[in-house]
Amino acid sequence: MAQQDTLVVIPTRLAATRLPNKPLADIWGKPMIIHVWEKAVEAGIGPVVVACGDEEIVKVVHSFGGEAVLTDPSLASGTDRVKAAADLYDSDEKFPFVINIQGDIPTLDPCIIRHSLDPFVDPAVDITTLGTPIKNPLELTDPGTVKIALSLYDNKMIGRALYFSRNLIPSGEGAHYHHIGLYGFRRQALNKFVNLPINSLEMREKLEQLRALAHGMRIDVKIVDTETPFGVDTQADLDKAIRVIGENYTG
């Protein structure tokens, strides 16, 4: 994909129940959302806009020279916020691809963001995402680690997602993959997805991507070799992010 084809959107809001105001949490002198924005910019795949549920976040992003738009704070999900921001920023739909990077993964490696576009070489793919081999056996039984049932194509490290679960899948011997919560959408697929009804599997697993699979949308996964990024949902997660980023932080 060419740079002019892709819009990167980072959805974020202040109203987190377990860690209120977490987008503005300080990590080495910068708010967490700015760390994520910097990683997205460094990836160099297209313009980056932060989709904000609060005016306070808009002001912070602007103060660091970033682009941000204010979206309805009552939107149900991050993907709904991405769709709203894409419509505001690109009302003519000039960007055929939209990358959704969650605003609470400050340890994301910029290099892997580009790989979310790789599966789009197949025109049948609606949505893309990333996975990485599970190396820590504790993650196999950790419900916080989302696993992918994946059909790889000829060992090319791209495959079709058959299911996502918080439980261990698939059974039997072989590799298991940790899902990295970053998504690429064809613009038409994003428009379709936000209008689909929530289904029982999504509610049971609390995994939004199961909605797409239940309605016949195709999700392909690029497998990358990386230190697994993690979402910041609690103070313990924030402390870990501060420690991890601090190990290599240069400002």
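Taking label points 7 Å from Cα along the Cα-to-Cβ direction, Asp87 and Ala124 give a separation of 3.1 nm. Across segment 180-223, counting alpha-carbon atoms alone, Rg and Dmax equal 10.5, 29 Å.
Only lysines eight or more places from Lys147 in sequence, or on another chain, were considered; those with a Cα closer than 18 Å are Lys135, Lys206, Lys222. Along segment 175-188 the Karplus relation, 6.51 cos²θ - 1.76 cosθ + 1.60 evaluated at θ = phi - 60°, assigns HN-Hα couplings of 5, 10, 10, 8, 6, 9, x, 9, 10, x, 10, 5, 4, 5 Hz to successive residues, with x for each Gly and Pro. The residues His178, His215, when put in order of fewest to most other Cβ atoms within 10 Å, stand as His215, His178.
For segment 1-131, the share of DSSP beta bridges that are antiparallel, to the nearest 5, is 15%.
You can think of it this way: the chain between Asp109 and Asn191 has 26.8 nm of extra reach, that is 0.36 nm per residue less the Cα-Cα gap. Counting only DSSP beta bridges with both residues in segment 109-228, the antiparallel share comes to about 75 percent.
The distance between label points at Ser63 and Arg243 comes to 2.9 nm (points 7 Å beyond Cα on the Cα→Cβ vector). For the chain, the relative contact order works out to 22 percent when only alpha carbon pairs closer than 8 Å and six or more residues apart are counted. When peptides 95-107, 196-208 are sorted by average Cβ neighbour count within 10 Å, with the highest value leading, the order is 95-107, 196-208.
FYI, it's all coordinate maths here, none of it is from the lab. Computed from a predicted model, the values in this text were never measured in an experiment. Please note: Cβ atoms are built from the backbone with ideal geometry, for glycine as well, and neighbour counts cover all protein chains shown.
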